[in-house]
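Visitor: Sharing a structure with you now.
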Amino acid sequence: MEKRACKRILINIDVKFSYSNYLYSGIAENVSEKGICFSTPNMLVPHGSLVELLIPLKEKFLSVHTRVNRLSLKTDPTINFILGADVLNPSNEYLNFVNSLDPTT
């Protein structure tokens, strides 16, 4: 039985994320109206950390404020860490972005 509150949409988008005054690279793997999962080769961000994700749009970056709620290690040699994060106060721009990715809408 599905326990998620929102439908997850599979994606594969290069993103940047800011944590502790540093900018890192990652790959967004799936999104929903309330959360996002992304992977990174760089570092493991502690559970509960606030992370700003920067999602590239056509002419700018969409800034998304998140809180890490899940951490996983991956055995893939290029992507070592997977982070699940809650989107904090999703903006209309973020919700429109997510809805634009859903083929059923």
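Visitor: 222 nm [θ] for the chain, helices only, -39500 (n - 2.57) per DSSP H run of 4+, per residue, to 500?
Guide: That comes out to -3000 deg cm²/dmol.
Visitor: Could you tell me, in Å, what Rg and Dmax come out for the Cα atoms of the chain?
Guide: Every Cα atom of the chain included, Rg and Dmax give 13.1, 40 Å.
Visitor: Further question on the same structure: How far, in degrees from 0 to 90, does helix 92-101 lean away from the longest principal axis of the Cα atoms of the chain, to the nearest 10?
Guide: 90 degrees
Visitor: Any idea what the relative contact order of segment 9-101 is, in percent, if you count C-alpha pairs under 8 Å spaced at least 6 apart? Don't skip to the end; give the middle numbers.
Guide: Working: 208 pairs, mean separation 24.8, N = 93.
Contact order relative to length: 27 percent.
Visitor: If I take all pairs of Cα atoms in segment 1-57, what percentage of them are more than 13 Å from each other?
Guide: On the way: 1002 of 1596 pairs.
Of the Cα pairs, 63 percent sit more than 13 Å apart.
Visitor: Further question on the same structure: Once you have the Cα-Cα distance between Ser72 and Lys7, take 0.36 nm times their residue separation minus that, and quote the gain in nm to one decimal. All intermediate terms of the calculation are to be shown ahead of the outcome.
Guide: Values: separation 65, 0.36 × 65 = 23.40 nm, distance 2.07 nm.
My answer for the length gained is 21.3 nm.
Computed from the coordinates by the stated procedures, all read-outs in this text should not be read as laboratory data. Fair warning: this is a prediction, and the values are worked out from it, not measured in the lab.
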